[in-house]
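To keep things clear, I will list the structure first and then write my remarks on it.
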Amino acid sequence: MHGDRSDPRDFWERGRASVPGSGLSASTPAASAQAPAAAPARQPAPAPVHPAAPSYVLPPEPPRPSGPPARVGGAVAALVVALCTLLIPILGVSLGLWFFVLVTNVPGIVLGILALVKIPDAVEVERYIRYTWACTFAYIALSVVFLVPVIALAVLFLLIGF
């Protein structure tokens, strides 16, 4: 191929422990003293495959995952925290403030359930986990903004003696 250089393909076909150009293994000292062996005969190139010929060979099936399903713990944690946000409306209703039912974290709970339903699909599970946490954090932020004036009014009414 390139003068005295051997073909790299020959190197890989014979193995990594062979001496280039000789066909002998470098691991035995007696083998290096012998005369070089003849190069193996080249195989003829395979016949070209015609693209017009139909192929009836099915592709191999992808390997099945051997580990646990995608992010089951993360989906359960997101759903549990979304369900814990129900304590705010329950507390509001127990104080007689019925309108707290209107600010329930329904989207976060529904998205948490959807994350558990989509368990085999890792991409969908991750997406719904993110949506659930986003809804839960937004709900907590809005609850704080909403509860501060209600608590301030309650303290004011207690001080006035209403």
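Just so it is clear, none of the values below were taken in a lab; they were calculated from the coordinates. Quick caveat: nothing in here was measured; it's all calculated off a predicted structure. So basically every Cβ, Gly included, is an ideal-geometry build from the backbone, and we count neighbours across all protein chains shown.
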- Neighbour cut-off at most 11 other Cβ (10 Å), DSSP loop, chymotrypsin sites (Phe, Trp or Tyr not before Pro), segment 55-161: Tyr56
- Estimated FRET transfer efficiency when R0 is 35 angstrom, pair Glu61-Ala134 (beta carbons, to 0.05): 0.45
